[in-house]
Amino acid sequence: MNNKIKLAVAGAVLASASVANAGITWDAGEWTVDMNGNVNAFAIMSSADDNNAITGGLAGINGGQDKDSAGINAGLLPSWLGFTATTRQNDIDTSVTISFQPGAGGTGALQGGNSTNAETENRQAFLTFGDKSWGSVKVGKDLGIFGSTAILNDMTLLGVGAGNGTAGATTTLGGIGTGYLYADWIGQIAYTTPNMNGLSLTLGVMQPWNADNSVGSTDEFGFQGQGSFSWTGDFAGKVWAGFFTQEVTNINSTLVAATGQISDGQSDRATAFEAGVSTSIYNINLVAYAYSGEGVGTTALLQQGFDANGDKRDSDGGYLQATYVIPTGTKLGVSYGISKLDDNAVDAGTTLVEENKRLTIGAYHPLTKHLNLVAEFSNVEAESHAGLSNEEDKFSVGAILFF
């Protein structure tokens, strides 16, 4: 994959002012406006051997009747239209970014923006200000810090990877939940240091989330951070480490019938740590990544992180990836990832997922400097603590165009 496509991928995911060259730019008074994004769609065909109901499982239709499915959908990276305006005033670089992510398809008729199957998202709305001498500050909604470098190094960012279903969602999952936790799109106030001879540090105060999106609440901000060191040359690369922490309250609160009030629940802190390395030599790129946490759950932050008693579950995972660019410019790659979730005593006999794992083999051909043709095969397996298992083969072919 050439440098133009690399910049376009980073621009479409992060839409930061530093990659304004990835899009279409024009001057408007004191501002430079960058319109950037991508359009992608894939024909996705899946075949599962079983459809056992596994809570948190990522293989099969997960309890549905059909074992085979087909559809047209966007891949891990949604179709994207972003606008970034930048200017420099009073020796301060400032920018504002807003983006839109329309879905590629649905599963029902009359879905022209009125159906829940025709999903459209607004993932970004943030401003930045700073200077290369002292760093930059970001305020607003953007990609989270923890897990962000893991997803940016995932080769399935240009493709499909894993994910339940084949149509009707804004995106698939790629390697999310089978090797790393989703960084997601979070309200934040974050500071990033200037580049110090390859070293960069970011610390953010984050919008706190409820556990499992409904159970448990919080009255404290979350915190995320990441440090990285990059180097260039014939043997170029990057190493990084990060963390996530958030206090969660009222995890197992209940409704008191006599009073109609919600009882106070248990409180605990969810934490996670990560580390990774990406290295390139000649046409070969290698990536290794791992994470470990308590209360953070699996696939998405805080999903299945606590049991019915409000106690934390441990989780860990990681992925290994190797890609090679052949003389035609086609990038061939293989990626293996696994995400594990431990159970507690109260989980005995439930359908709680124990692990999700994925093997992806892909080919990514740059037909032009903006357009990539993509073909992938993924084998995804889910196992529960009760001994249930699902296995799914997923084949996809499609195209993604950046501008």
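Being surrounded by 17 or more Cβ atoms within 10 Å (Cβ to Cβ) and modelled with pLDDT of 95 or more is true of THR202. Within region 152-166, is even one residue assigned to a loop (DSSP other than H, G, I, E, B), of a type in the set (Asp, Glu) and modelled with pLDDT of 95 or more? Checking region 152-166: at least one residue is assigned to a loop (DSSP other than H, G, I, E, B), of a type in the set (Asp, Glu) and modelled with pLDDT of 95 or more.
Entry remark, region 293-314: residues being without any contact (Cβ under 8 Å) to a residue 60 or more places away in the chain and in a strand (DSSP E or B) number 3 in total.
Could you say whether any residue in region 359-366 is over 22 Å from the mean Cα position of the chain (by Cα), over 17 Å from SER378 (Cβ atoms), modelled with pLDDT of 95 or more and not β-branched (Val, Ile, Thr)?
Yes.
When you check GLN321 against the structure, is it among the polar types (S, T, N, Q), at pLDDT below 95 and either farther than 25 Å from LEU203 by Cα or surrounded by 19 or more Cβ atoms within 10 Å (Cβ to Cβ) (or both), yes or no? The answer is no for GLN321. Looking at this structure, is GLY37 assigned to a loop (DSSP other than H, G, I, E, B), among the small types (Gly, Ala, Ser), at pLDDT 90 or above and surrounded by 14 or more Cβ atoms within 10 Å (Cβ to Cβ)? It is false that GLY37 is assigned to a loop (DSSP other than H, G, I, E, B), among the small types (Gly, Ala, Ser), at pLDDT 90 or above and surrounded by 14 or more Cβ atoms within 10 Å (Cβ to Cβ).
Residue under question is ASP142, and the condition is that it be farther than 30 Å from ASN252 by Cβ, of a type in the set (Asp, Glu) and either at pLDDT below 95 or surrounded by fewer than 23 Cβ atoms within 10 Å (Cβ to Cβ) (or both); does it hold? The answer is no for ASP142.
Checking THR254, THR218 one by one, the residue that is farther than 11 Å from ILE145 by Cα, loosely packed, with under 13 Cβ neighbours inside 10 Å and modelled with pLDDT under 95 is THR254 and no other.
The values are calculated or read from the model by the stated rules, or taken from the named source; none is laboratory data. Given the structure is predicted, the values throughout are model-derived calculations rather than measurements. Positions of Cβ are backbone-derived with ideal geometry, glycine not excepted, and every protein chain shown enters the neighbour counts.
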